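Okay, so here's the structure we're looking at.
The values are calculated or read from the model by the stated rules, or taken from the named source; none is laboratory data. Keep in mind it's a predicted model, so treat the numbers as computed, not measured. With ideal geometry, Cβ positions are generated from the backbone for all residues, glycine too; neighbour counts draw on all protein chains shown.
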Amino acid sequence: MKCRDARQRWHSRLDQGGLDAELDRHLAGCEKCRAYAARMQRLVGLMDELRVNTDQLAPPVTDAGFHSALRSRRAWPTPGARQLMRIAATIVVVVGATLWFRTPKTPMVVSRTTEAAAPSVQGITLRAESIERFIAVAAPSNEPNVQTFWLYPMVTVAESRDRS
Amino acid sequence: MNPGAKQAEPVGSREREAPWSPSARDRLFRLAYRLLWNRADAEDAVQDALLTAYEQSNQLRDSEKWWPWVCRIVVQRCRLLGRRASLRRRHEQVFAELSPILATAKTPGSVELKALVIELLDDLPRRQREVLVLRHLQGMTFEEVAQVLELAPETARVHAQRGRERLAALIARRRRSWMDGDA
């Protein structure tokens, strides 16, 4: 038997009791393990003595002291109240979370009212004594909401001949 | 709910005993004291743990697990308190606190050596310390230790072995003569 195994078996015998002849034979022939076992036995003996020494200790707490401490502890919140508070808090959290996640969220958009371009009518009066009628021709324009017209005076052939 | 009503429950085995009965409270106090080695802290831990256990008693479905459950709450309170206490704990303080207790005990032994054990228990990893305290100082079985600390019994045994070896090495480092069998 190896020394390591013997020491483990010594502890097992201490904890569980029983006989172990093989261990005894090893201890008889191994001085180191014998010294080890003696040290352990002294240590266990010291701890046993400590147990006996402290076995008569008792707390000075009386029943009255314990019950008064219990009453002060139970004053508020009592365990029942604490339980209720826990349940209430859970309900609040669950309901709040449900409402939060179920409410459709509209994206927050800054409202911008685009005013419809009111048709602006601007009266233009053309004064040309000799010209009574014009032809309006729409011309291309790069600017929005602006319509450009080219105006051509309508003259008869006779009038044209007179002017020239 | 009347706290006294719980005491009327059948008190048979230790496991079925109501945790706020005086004898159970004494045992819980000793458990807390053996983890903290300070009376005031142990009283605080037990008081707080009992109130918590009383308030949460409706959450425990299996009444057979009363005792391990309450012990576990005490251990958890002690962890919180011990973290603070261990910073200020010194050998002299431990020795001064324990001397009256150990001196009046039936088996006084070496008071200083036992105070050293208590001090060095604080240097062990948490699991090893708790297993050693529950097993050797509180006298629980490994099955009970495993229930309180929520471990497998085999794991608790491994922690106990490692804890004992480590504690012995720490004592030997501080007291060379202890290696040779000097108590």
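Annotations for the structure displayed:
- As for the stretch B:151-167, it holds no residue that is assigned to a helix (DSSP H, G or I) and in contact (Cβ under 8 Å) with a residue 60 or more places away in the chain.
- Evaluation of A:Arg7 against (1) in a loop (DSSP other than H, G, I, E, B); (2) buried (at least 18 other Cβ atoms within 10 Å of the Cβ) (one fails), failing number: (1)
- Residue check for B:Glu130: under 24 Å from B:Asp26 (Cβ atoms), in contact with a Lys or Arg (Cβ under 9 Å, 6 or more places away or on another chain), crowded, with 21+ Cβ neighbours inside 10 Å and at pLDDT 70 or above: yes
- In this structure, A:Leu27 does satisfy being away from every other protein chain (no Cβ under 11 Å) and crowded, with 16+ Cβ neighbours inside 10 Å.
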